[in-house]
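Written below as structure tokens is the structure these notes are about.
The values are calculated or read from the model by the stated rules, or taken from the named source; none is laboratory data. All values reported here derive from a predicted model rather than from experimental measurement. Cβ coordinates were reconstructed from backbone atoms using ideal geometry, including for glycine residues, and neighbour counts include every protein chain displayed.
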Amino acid sequence: MNHYLNKCIEKVIIRNKLSSILIAISGGQDSLCLIQLIDNFMQNYNVLQSIEYIYIDHQWKKDSEKQIEHLINYISNTGKNLCIYQLNSILLSEGKAREHRYHIIINHAVKYKYQAIITAHTKTDRIETFFQNLIKGTSIDGATSLTISRKLSNKLYLMRPLIDIDRVDISWFCRKYCLPIWSDLTNYYLYIKRNRIRYELIPYLNNYFNNKVNDNLTHFLDRSNQENEYLKQNTLKLYISSRHSKYIALNYTVVITQHYALQSRILQLFFYHNFNLLITNTMIIQLIKAFCKKNTNIKILQWRNLKIYLNNLWIYIR
């Protein structure tokens with residue numbers, strides 16, 4: 001297992017030819033495992049020229065200052081830099097806090113020109129996130145949002161080398177190296193939905209439905225991610241071939257011949273690419289119905305501040 005975990009790190013860093021990385025940590029066992037794996041990697045390879053750890057303190061916990069001291073003491077032993085952002089305004093929503101945290105980390109990575117952001121998300125996090133998104137209501141994009149790597153820009157990647165590793169294996173690794181795990185009491189508060197999924201929902205499914213539910217869900221997410229990538233690639237190809245070369249317009253006769261799944265994705269991409277707007281499913285249905293009408297040269301819909309027209313072969317915006 002030790003060899004396998006080290007190989008996970010080697011695969012991500014060497015395959016992508018990374019030389020500068022920003023590692024987002026929380027202080028839990030997953031983060032300490034990642035820190036140790038990076039340290040092991042550095043002992044065998046000399047390819048990383050710049051490494052920095054980053055920690056975001058939301059000030060949710062009474063002992064947050066002590067946890068920061070703990071992290072500073074531990075990271076100082078590795079000889080690496082640790083950057084700490086302490087948020088002045090306390091965000092009560094877990095979703096908003098996560099969004100704020102990612103913005104800070106990405107902006108920091110861009111500012112200091114890191115090639116990749118590395119997080120310590122595990123297989124367990126992936127399954128918990130799947131359940132959270134599923135319960136809230138999501139698409140295949142949201143269901144497969146946690147993948148091993150994601151391109152944020154031409155020069156920046158987000159990578160999760162531990163995404164295929166279970167928390168049980170992470171715990172074993174931490175015990176093997178006697179890592180000083182910080183016990184976070186908020187991980188046991190059941191009013192936090194993720195904790196209830198971890199300690200009640202998933203064990204219930206394992207006990208009463210299938211004791212391999214974690215593995216089965218992981219296989220399902222892997223297959224779904226592959227199919228989702230296929231849909232994305234086809235959507236992009238069709239969007240490029242159907243958009244106007246000069247104007248903000250889309251050849252709807254090309255779009256209407258495709259499957260509904262591709263039609264909706266092409267329209268989503270059209271509005272997001274040109275106006276940075278997420279079009280609603282209701283509006284997508286209305287547009288597709290309008291495509292089927294024979295009369296042209298009429299204004300068909302107005303959505304927000306946009307006027308949508310059909311003219312000959314094109315749907316265009318004024």
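May I ask you to verify whether residue 19 is over 20 Å from the mean Cα position of the chain (by Cα), touching a residue at least 60 places away in the same chain (Cβ under 8 Å) and assigned by TED's automatic domain parsing to the domain that holds residue 185?
Taking the combined requirement at face value, the residue satisfies it.
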Restricted to the range 282-318 and to residues being in contact with a helix residue (DSSP H, G or I) (Cβ under 9 Å, 6 or more places away or on another chain), among the aromatic types (Phe, Trp, Tyr) and closer than 19 Å to residue 242 by Cβ, the residue modelled with the lowest pLDDT is 291
Tabulated pairs, the range 268-289, first more than 18 Å from residue 307 (Cβ to Cβ), second exposed (fewer than 15 other Cβ atoms within 10 Å of the Cβ) and among the small types (Gly, Ala, Ser), C-beta under 7 angstrom, 6+ apart or interchain: none
Would you pick out the residues in the range 161-212 that are outside any loop (DSSP other than H, G, I, E, B), closer than 26 Å to residue 64 by Cβ, in contact with a helix residue (DSSP H, G or I) (Cβ under 7 Å, 6 or more places away or on another chain) and not aliphatic (A, V, I, L, M)? 167, 171, 173, 174, 187, 188, 193, 194, 195, 198
Which ones in the range 185-201 are of a type outside the set (S, T, N, Q), at pLDDT below 90 and out of contact with any Asp or Glu (no Cβ under 9 Å at 6 or more places or on another chain)? 188, 189, 191
Failed condition for residue 29, given (1) loosely packed, with under 14 Cβ neighbours inside 10 Å; (2) under 24 Å from residue 169 (Cα atoms), with all others met? (1)
Which residues, taken from the range 213-245, are surrounded by fewer than 11 Cβ atoms within 10 Å (Cβ to Cβ) and assigned to a loop (DSSP other than H, G, I, E, B)? 245
Return the only residue of 98, 126 being surrounded by 15 or more Cβ atoms within 10 Å (Cβ to Cβ) and part of a helix (DSSP H, G or I). 126
Since residue 113 meets every condition but one in (1) surrounded by fewer than 21 Cβ atoms within 10 Å (Cβ to Cβ); (2) charged (D, E, K, R); (3) not in a loop (DSSP other than H, G, I, E, B), which condition does it not meet? (3)
Residues of the range 152-170 that turn out to be within 17 Å of the chain's Cα centre (by Cα) and either surrounded by 19 or more Cβ atoms within 10 Å (Cβ to Cβ) or hydroxyl-bearing (Ser, Thr, Tyr) (or both), as a count: 9
I'd like the residue in the range 237-281 that is modelled with pLDDT of 90 or more and small (Gly, Ala, Ser) and, out of all such residues, is nearest to residue 316 (Cα to Cα). 249
Of the candidates 266, 279, the one satisfying the condition of being of a type in the set (A, V, I, L, M, F, W, C), part of a helix (DSSP H, G or I) and touching a helix residue (DSSP H, G or I) at 6+ places or on another chain (Cβ under 6 Å) is 266
